[in-house]
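Trainee: Below is a structure I'd like to ask you about.
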């Protein structure tokens, strides 16, 4: 009886200290929220719709997949995006992250600061955006109550009078060429949105995280044993490499190139930590 009592007390003490241990981990080691998420917890599902002129919440299936049309009211029109049908089978959706996928050749794929131009949505369930004439696309990620992030979902729409709009799919243009990187991020099932990487001369790239960070694909580099290897999220070692700028990088099969260490997406690594810079041969 005495042994069973001691065992019960120890179990209670351990259960009480678990939250403290998690808190210390976050404070001392910078652990991510996903550190304490249950491994068998299912990721949420993002559903991106737009409220059409009739007040209905619709997807991009209208107009041959180019989305519903909205008539201009002066030089712009206010449109409501809708992420309310997003769901989580074993929890609840607690955060919405919207990305403006670009507008026309000039702005397509460019990361825009709030207020820089019309069309940048707030990170809420149903953001309102003021849009100018053209074809638009918005990508949504949602996060559940334990920190799991969904695959991206995209909704398209067209703004302008029917006679003025040449209905076509929104295309991201990088250096005058259409960008279609065909990149699927680790742990995702859908292709990541295209973008232009300003740090690499606006080269064609892919959005690599929820903040909208863009990283170019097919970056050049050579194998270099002086550059450290890193462990991927799959538990395999990724070889180091040397970029044309003589900076150490890490090979990326996803992005098909040598990515400088300071630009390598933390979400691709087991540590989930940003890598530090290192010169080749050092």
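Trainee: Over the range 218-282, what is the relative contact order in whole percent, taking alpha-carbon pairs under 8 Å and six or more residues apart?
Mentor: Answer for the range 218-282 is 33 percent.
Trainee: Moving on. Quick check on the exposure proxy: order 173, 270 from fewest to most C-beta atoms within 10 angstrom.
Mentor: Lowest count first: 270, 173.
Trainee: Related question: Report the relative contact order of the range 133-270, percent, no decimals, based on alpha-carbon pairs under 8 angstrom and at least 6 residues apart.
Mentor: Relative contact order for the range 133-270 comes out at 15 percent.
Trainee: At what distance in angstrom do the alpha carbon centres of the range 209-281 and the range 142-156 lie from each other?
Mentor: If we compute the Cα centre of each part, the gap is 25 Å.
Just so you know, all these numbers are worked out from the coordinates, no wet-lab data involved. Nothing here was measured: the structure is a model prediction, and the numbers come from that model. When we count neighbours, we look across all protein chains shown, and the Cβ atoms used for this are built from the backbone with ideal geometry, even at glycine.
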